[in-house]
Every structure is written in structure tokens, then in C-alpha cells.
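In what follows, a single structure is set out as C-alpha cells and then discussed.
The values are calculated or read from the model by the stated rules, or taken from the named source; none is laboratory data. Remember, predicted model here, so these are calculated numbers, not experimental data. Here the Cβ positions follow ideal geometry from the backbone for every residue, glycine too, while neighbour counts run over all protein chains shown. Ligands, DNA and RNA are stripped out before the accessible areas are found, and what is left, the full protein with its side chains, is counted by its heavy atoms. Shrake-Rupley method; radii C 1.70, N 1.55, O 1.52, S 1.80 Å.
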Amino acid sequence: MSIINHEVCETHIMASLKIKLSTHCLPILPSLTKEHNRQVSFNRDGVKQLIEITIFLAKHNLSFRGHDECWKNDLKGNFKDMVVLLAQYSATLSVHTSNLKSNARKEYSFISWERQNLLIESVAEYELSVIKSQINSAELFSICRDSTFDVSHKEQLSFIVRYIFDGKIHERLLALTKSSTTTGEALFQQFKSVMERNNLDWKNNLLANYMMVRLNMRGTYNGLQARILEMNPKALYIWCYAYRLNLIILTAVGLCTEAIDLFGDLEKLYTFINCSKKRADLYSLKQS
């Protein structure tokens with residue numbers, strides 16, 4: 001009677017149900033964990049190869065995007081074309097590209113333009129962290145600044161840092177900023193912003209600064225050079241030697257009337273010949 005009462009009691013029934021559930025369901029959990037780990041490893045391998053493609057294109061200054069990146073096109077942009085090329089030799093990329101073509105938007109894509117931008121930003125952040133780490137190890141550094149117009153007619157100001165690390169001289173692009181105003185004060189504020197953003201102690205560790213020879217950069221009282229020297233007297237100012245030579249030649253030629261006439265006539269002659277295909281062809285024929 002006690003055995004019968006035990007078999008029909010709630011405690012025994014729940015224990016029996018737990019045994020049945022554990023017997024039939026627990027083997028699924030290791031399988032799910034194993035599949036999850038496999039998928040994680042697969043994704044990491046794919047992203048690693050995409051990062052290597054990103055670094056390769058960046059090193060060779062090649063564009064990433066194409067005019068039309070549909071799978072059916074022969075030319076899909078450098079990034080996507082390299083993915084297709086490496087997919088012939090990489091099982092990971094081969095499976096991933098096949099899934100993308102068959103599942104379309106249902107499949108997570110690591111090669112869309114948004115993901116390409118994220119890869120570029122990630123690589124840039126890592127490279128910048130390495131550069132800052134090396135500069136902090138070197139402590140002393142110099143900075144080179146130059147500005148130019150880009151194709152959209154915006155003023156681009158580049159910051160190139162030069163330092164010694166592991167016994168070798170390194171020159172690295174630290175930042176590229178836009179500047180609508182090029183006064184000495186505006187350039188100085190941009191300089192301070194770049195230094196503070198990268199945690200560089202320019203007031204104590206900056207030894208030299210090189211800039212294009214412009215009045216708003218090298219001004220004795222109000223230029224960028226004067227503002228830097230005011231806060232760091234050790235920051236030796238170095239002229240741009242190529243630009244200085246250009247100024248010397250320009251000044252020397254400007255003092256000679258015959259030279260002005262000569263170069264003026266040469267410029268007009270070049271314009272006259274170059275603006276006509278027929279004249280340019282005839283000029284090349286006479287040269288030979």
C-alpha cells in the first residue's frame with residue numbers, strides 16, 4: 001500500500017517527469033552549444049578575411065565602392081570583386097557569398113556599403129591607437145602641417161607626426177580636418193583640438209613644427225607659429241624648403257624684366273599650342 005501511495009504522489013510524479021525530460025532534452029543543449037561555437041568561429045574567420053581585404057585596398061589607395069554592386073554585374077567594385085575572387089579559394093567566403101546570393105536580405109551581410117565603412121573606421125581606429133601608443137613611448141615628436149583644396153573646393157588641413165620608435169624614424173598621418181577659415185587663430189584652435197583629441201602633450205614634447213610658408217602660419221605676432229612658440233618655446237619652426245626655394249626663384253625672376261617677358265611668352269605659347277589638338281599634334285610632329 002505504501003508503494004502505491006508513493007507512486008501516485010505528486011513528488012514522485014514530478015521526479016519521474018524530470019527524469020524523462022532530462023533524458024530526451026539534455027542531449028540537445030550540447031548540440032546547440034556546439035553549433036553556436038561553430039557559427040561564431042565561422043563568422044570570425046570571414047570577418048578576419050574581410051579586414052585583410054580592407055587593409056590591402058587601403059595600403060594601395062584603391063577605391064572600395066563600385067558604380068553598381070549587384071551580384072549579376074561583372075564589375076562590382078574593388079571590395080566586392082576581391083571577396084568574389086577570394087571566395088574561389090576560401091571555404092568561409094564561398095559559403096557566405098553563396099548564402100547571400102540565395103537568401104538575399106535574410107542573410108547577415110558583412111560586405112554591404114555600411115559594413116565596408118564600419119570596417120574602414122575600425123581599421124583606422126586601431127591604426128590610430130597604435131600610432132598614439134608609439135608616440136607616447138617615443139615621448140618627443142615633431143608635427144608637419146599642410147593644407148590644400150580638395151575636389152569639392154574645401155580646405156583640407158593634414159597633420160603628419162614624425163617620431164622615433166624602436167630606433168627607426170616613423171612618419172604617420174595623424175589627422176585630416178576641414179578648415180573654412182585659415183586665420184592664425186583658427187589654425188591654432190584646430191591644432192590644439194587635434195593634439196587634445198589624441199592625448200598628445202605638445203606643450204612639453206613637441207620639438208619641431210613644419211608648415212607651408214603662409215603668412216597666417218608663420219606670422220611673427222599673430223600666426224600659428226607665434227602661438228605655438230608662446231606656449232612651447234622648444235617647438236622649433238622649420239620652413240618648407242621646397243616652397244622656400246619656389247619663393248626665392250619667384251622673387252628673383254620677378255626682379256628681371258627680360259625673365260618676366262620670357263616666361264610670359266612661354267606661358268602664352270603653351271596655351272596657344274595646347275588649346276588646339278591640331279596644333280599640339282603638329283608641334284609633336286615637328287619635335288620628332
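Determine if the range 246-262 includes at least one residue that is under 30 Å from residue 144 (Cα atoms), over 42 Å from the mean Cα position of the chain (by Cα) and not hydrophobic (A, V, I, L, M, F, W, C). Scanning the range 246-262, I find at least one residue that is under 30 Å from residue 144 (Cα atoms), over 42 Å from the mean Cα position of the chain (by Cα) and not hydrophobic (A, V, I, L, M, F, W, C), so the answer is yes. Would you check if there is a residue in the range 136-143 being open to solvent by less than 50 Å² (accessible area, probe 1.4 Å) and either within 19 Å of residue 44 (Cβ to Cβ) or among the charged types (D, E, K, R) (or both)? Looking for residues that are open to solvent by less than 50 Å² (accessible area, probe 1.4 Å) and either within 19 Å of residue 44 (Cβ to Cβ) or among the charged types (D, E, K, R) (or both), one finds none in the range 136-143, hence no.
Every residue, every condition in (1) surrounded by 10 or more Cβ atoms within 10 Å (Cβ to Cβ); (2) at pLDDT 85 or above; (3) in a helix (DSSP H, G or I); (4) not aromatic (Phe, Trp, Tyr), yes or no:
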site: 3; (1), (2), (3), (4): no, no, yes, yes
site: 29; (1), (2), (3), (4): no, no, yes, yes
site: 38; (1), (2), (3), (4): yes, no, yes, yes
site: 51; (1), (2), (3), (4): yes, yes, yes, yes
site: 61; (1), (2), (3), (4): no, yes, no, yes
site: 79; (1), (2), (3), (4): yes, yes, yes, no
site: 82; (1), (2), (3), (4): yes, yes, yes, yes
site: 94; (1), (2), (3), (4): yes, yes, yes, yes
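Scanning the range 163-206 for residues that are in contact (Cβ under 8 Å) with a residue 40 or more places away in the chain, touching a Phe, Trp or Tyr at 6+ places or on another chain (Cβ under 7 Å) and not in a helix (DSSP H, G or I) yields 174, 206.
Scanning the range 198-251 for residues being modelled with pLDDT of 75 or more, in contact with a strand residue (DSSP E or B) (Cβ under 8 Å, 6 or more places away or on another chain) and not β-branched (Val, Ile, Thr) gives a total of 17. Take the residues of the range 111-136 that are in contact (Cβ under 8 Å) with a residue 60 or more places away in the chain and aliphatic (A, V, I, L, M): which is nearest to residue 207 (Cα to Cα)? Applying the filter and picking the extreme gives 135. Restricting attention to the range 144-155, report how many residues are open to solvent by less than 50 Å² (accessible area, probe 1.4 Å) and farther than 23 Å from residue 223 by Cα. So the count comes out to 1. Looking across the range 137-162 at every residue that is of a type in the set (Gly, Ala, Ser) and in a strand (DSSP E or B), the one that is modelled with the highest pLDDT is identified as 142. Of all residues in the range 156-182, which are open to solvent by less than 70 Å² (accessible area, probe 1.4 Å) and over 15 Å from residue 131 (Cα atoms)? Once the filter is applied, which keeps residues that are open to solvent by less than 70 Å² (accessible area, probe 1.4 Å) and over 15 Å from residue 131 (Cα atoms), the range 156-182 yields 156, 157, 158, 177, 179, 181, 182. Of the listed requirements (1) open to solvent by 80 Å² or more (accessible area, probe 1.4 Å); (2) out of contact with any strand residue (DSSP E or B) (no Cβ under 8 Å at 6 or more places or on another chain); (3) closer than 30 Å to residue 174 by Cα, residue 122 misses just one: (1). Would you check if residue 266 is closer than 30 Å to residue 188 by Cα, open to solvent by 80 Å² or more (accessible area, probe 1.4 Å) and part of a helix (DSSP H, G or I)? The answer is no for residue 266.
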